[in-house]
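Reading through the structure tokens given below for one structure.
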Amino acid sequence: MLRTVIAILMLVGGCAAAEDAAQSVKNSGERTEIPPNAVKIDANTSRYTDAQGRTWIYRRTPFGVRRYEEKLPASGAKGAAPNTPLDEAPVGIRAREEGDVIYFERPTPFGTRRWSRKKSELSKEEKAAWEQSQNAASSAKSGKE
């Protein structure tokens, strides 16, 4: 009998605490709404520029509307434009040549990633890594002599 009373009191107390928490979350902030003059990007996403000149992305989610500031990459930074040439070869890639095939290795947190590619099918990054490996090998040979 005593256990039943304790269980009921704990249940009632837990429900009251949960209701208080829900009420405080509900009253903690104002609701985010998509501004009426925002430009639609797709069915659930819109872009809006405020009076200060900051651009915001509004996205409808199952949990309500979320607002994110749009951050554009700095000019000249890698990845700024999709077709900009790479300044340097990717770091940490080793390449070795066997016939008309180049074998690559790159350390990752999950172990070494290995792949191979024919010389005629190399991407820009793979060509840069291959050239970097060739330069390192030639400088190592000249350093020994």
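Of all residues being assigned to a helix (DSSP H, G or I), modelled with pLDDT of 70 or more and of a type outside the set (Val, Ile, Thr) in the range 1-28, which is farthest from the chain's Cα centre (by Cα)? Just the residue, please.
Here the residue is LEU2.
Pairs needed: first member in the range 113-140, surrounded by 10 or more Cβ atoms within 10 Å (Cβ to Cβ); second member anywhere, hydroxyl-bearing (Ser, Thr, Tyr); C-beta distance under 6 Å; at least 6 residues apart or different chains.
SER116/TYR103
The values are calculated or read from the model by the stated rules, or taken from the named source; none is laboratory data. None of the values given here were measured: they were computed from a predicted structure. Positions of Cβ are generated from backbone atoms using ideal geometry, with glycine treated the same way; all protein chains shown enter the neighbour counts.
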